[in-house]
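Quick notes on the structure that follows.
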Amino acid sequence: MGGANILIVEDERILAEDLKEILLELGYSVIGSVSSGEAALDLTAREKADIVLMDIKIDGEMDGIDTANALKDRYGIPVIYLTAFSDDTIVGRAKETVSFGYIIKPYRASDIKSVIEMALFKINVEKKRQRDFHQLECEAQENTNRIEEMNAALKILMEYRENEKTM
């Protein structure tokens, strides 16, 4: 499922450029490469990203995990972490963001492609699940409305029959 719009958040310029080149070779679009969480939020306010590839240790006030939370809360954009850090504390914090992947540096292009493709698949499954849920919710509301209409009609009929008996 190539062609996805990807944002890179990486504070090491050489790594960011290398990652961009890999993504382009894999057929993805790169909407930008920024080095801080603040810049990532600014860019996603203007450009649509399907996925963000996020380093955990980045420039600025927010680290990658805080940024991932903000992106998820504000825009619903999923994040895949690309990081050199794998200690339990950081992995635990990253898990809480419900990220779509965690790749330890150094990585290979095949690692990135696999995780991105799995993330895109999960995103599409979730979108379909939400559409199906919304459709079922609408159908349930329509059925509820019909039942309420039938109850009202039945009540009127019962009142009419009661009035006939008393006459």
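Coordinate-derived values only; no laboratory data. As the structure is a prediction and not an experimental result, all values here were calculated from the model. So basically every Cβ, Gly included, is an ideal-geometry build from the backbone, and we count neighbours across all protein chains shown.
The stretch between THR89 and ARG129 holds 11.2 nm of extra length on full extension. This uses 0.36 nm per residue minus the Cα-Cα distance.
Dividing the helix sum by the residues of the chain, where each DSSP H run of 4 or more adds -39500 (n - 2.57), gives a mean residue ellipticity at 222 nm of -21000 deg cm²/dmol. Placing unit charges on each Cβ (+1 for Lys and Arg, -1 for Asp and Glu) gives region 32-167 a dipole about its Cα centre, and among VAL115, HIS134, ALA39 the Cα reaching farthest toward its positive end belongs to VAL115.
For the chain, the Cβ-based charge dipole about the Cα centre amounts to some 560 debye (Lys, Arg positive; Asp, Glu negative; other atoms uncharged).
Given axes a ≥ b ≥ c from the Cα gyration tensor, I'd like to know whether the chain is rounded (a/c under 1.5), prolate (a/b larger than b/c) or oblate. Prolate is the answer for the chain, as a/c is 1.5 or above and a/b outweighs b/c. The amide H of TYR28, built 1.01 Å from its N in the peptide plane, has GLY3 as neighbours under 5 Å, considering only residues 5 or more places off or on other chains. A protection proxy built from the mean count of other Cβ atoms within 10 Å ranks the segments 11-18, 111-118, most packed first, as 111-118, 11-18.
Ranking TYR28, GLY64, LEU53 by how far each Cα lies toward the positive end of the dipole of region 1-65 (charges on Cβ) leaves TYR28 at the top. When the chain is treated as a Gaussian network with alpha carbon springs shorter than 10 Å, the biggest mean-square fluctuation among GLU149, GLU137, GLU38 belongs to GLU149.
Over 23 Å between C-alpha atoms is what I'm after, so list which of LYS48/LYS105; LYS20/LYS127; LYS72/LYS95; LYS48/LYS128 land there.
LYS48/LYS105; LYS20/LYS127, as the Cα separations exceed 23 Å there.
Whole-Hz Karplus values for region 13-26 come out as 3, 5, 5, 5, 5, 4, 5, 4, 4, 4, 4, 5, 5, 7 Hz, taken residue by residue from phi with 6.51 cos²θ - 1.76 cosθ + 1.60 and θ = phi - 60°; glycine and proline positions read x.
Dipole of region 47-140, Cα-centred, from +1 at each Lys and Arg C-beta and -1 at each Asp and Glu C-beta, to the nearest 20 debye? Using only the charged Cβ atoms, the result is roughly 340 debye.
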